[in-house]
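Contents: one structure, followed by commentary.
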Amino acid sequence: MTTSRLTDQLRSLELHLMQRSRMLHKIPLLRRLQRRVTARLTLLGEGVKAAQRFRVDFLTPFLKLPVEVERAQIGAERLDGSFEPAAFRFFDWQTWMCIEGAITWHGERELALDGKQTRLITGFTYQAARLPVEVQNLGVRVAEGVEGRLRLLWKNEIRALEFRPGYWMLEPREDGYRVVAIGDSDLMGLIVSLSEMGGARPEARARAIENLWEWVDGHWGRDAPRTAMTMLLGHVRDWGPLALQPLYPGLVQILERLDVDHQDELLFEFYADHWGIRDNPSGRRMVVSILQALDTDSSRAILHEMLPYVRNRGVAPVELAQIEAALDRRETR
């Protein structure tokens, strides 16, 4: 038996086992045994620009054998040579804006399936034109849907199979980036809802608010609203598109439904926790945006209380300017 034929048989067996184990996620003790089609993300740049060029290879779940993916799912090249993304996104996690670049396909071939020519790939390399000026966390997504599905060749037909991880987050470090795979499908509902709440389409924001409320209510219920609010703030800080201002009015609606007593005080406590050893400007700025969106006398009083404290801390000018702008906006009404 040739090596190529043996590889094909092993790949087919893996995908068959993956399909047979789809129900394992409903059994907590067996959930970790479930496998899905996956991919390997490799950063090819160096130092602070390590994320500017990276490679994605699509693989089977157990032996990590290459699989062939329908190229159109990832995206297409424009006439000028730039890239038009489809399911694939390389984005700034703060704004969810796509980062422009060029793509190189790996293992590309054309095959006649169901009477039409289909282009297949086993992976690709993406070269970003440039990274955001103020680099925060970056994100990569290659699959379709909240839980993630990948259209690939199996038994001479294109099938949509479950894929994991749903996202990769690239966290900047002094010597480059740390790649964090987000494989928890449950977390995808939160991430996608937050993304849509920060987007431009009102109908999508309204739907996302309801989806996020169902997610929050299903995870923490209403028995401990203060705990639920603190947990939600932490999740938004870690996963939300914090630079998108439309996110915050929707988030205020969620907080109002939690009906937490002295909500503004809890926000101030969360803000204060992000100084010192746990220094986190993104967490602080998120709280300021929430207080501004709340637009109440008590939220304004807390912003006034923050102002002299921040002025004496030597923070980045943008952080101080955000609080001053929030107060000026209210006072000029």
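A few notes on this one:
- Qualifying positions in region 80-133 - of a type outside the set (V, I, T) and under 18 Å from L59 (Cα atoms): A87, F88, W105, H106, G107, E108, R109, R119, L120, G123, F124, Y126
- Among (1) surrounded by fewer than 21 Cβ atoms within 10 Å (Cβ to Cβ); (2) outside the structural domain of V48 (by TED's automatic domain parsing); (3) small (G, A, S), the one test that G176 misses: (2)
- Complete set of residues in region 113-154 that are part of a strand (DSSP E or B) and among the β-branched types (V, I, T): T118, I121, T125, V140
- Identity of the residue in region 171-212, over 21 Å from A143 (Cα atoms) and of a type in the set (D, E), that ends up nearest to the chain's Cα centre (by Cα): E210
- Subset of region 212-223 [in contact with a helix residue (DSSP H, G or I) (Cβ under 6 Å, 6 or more places away or on another chain) and free of Cβ contacts under 8 Å to residues at least 24 places away in the same chain]: W220
- Residue that is modelled with the highest pLDDT, among those in region 193-239 that are buried (at least 16 other Cβ atoms within 10 Å of the Cβ) and among the hydroxyl-bearing types (S, T, Y): T230
- Boolean, M306 is assigned by TED's automatic domain parsing to the domain that holds G198, hydrophobic (A, V, I, L, M, F, W, C) and either more than 23 Å from G189 (Cα to Cα) or buried (at least 18 other Cβ atoms within 10 Å of the Cβ) (or both): yes
Table: residues versus (1) modelled with pLDDT under 85; (2) farther than 20 Å from D184 by Cα.
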site	(1), (2)
S4	yes, yes
L10	yes, yes
E14	yes, yes
I27	yes, no
K49	yes, yes
A72	no, yes
L79	no, yes
F90	no, no
W93	no, no
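- Every residue from region 103-122 that is modelled with pLDDT of 95 or more and among the aliphatic types (A, V, I, L, M): I103, L120, I121
- Scoring L44 on the criteria (1) surrounded by 14 or more Cβ atoms within 10 Å (Cβ to Cβ); (2) in contact (Cβ under 8 Å) with a residue 60 or more places away in the chain; (3) hydrophobic (A, V, I, L, M, F, W, C) leaves a single failure, condition (1).
- Across region 224-257, the number of residues qualifying as outside any helix (DSSP H, G or I) and either among the aromatic types (F, W, Y) or in contact (Cβ under 8 Å) with a residue 60 or more places away in the chain (or both) comes to 4.
- Total residues in region 155-190 satisfying the condition of being farther than 22 Å from I121 by Cβ, without any contact (Cβ under 8 Å) to a residue 12 or more places away in the chain and part of a strand (DSSP E or B): the figure is 2.
The values are calculated or read from the model by the stated rules, or taken from the named source; none is laboratory data. Given the structure is predicted, the values throughout are model-derived calculations rather than measurements. Backbone-built Cβ (ideal geometry, glycine too); neighbour counts: all protein chains shown.
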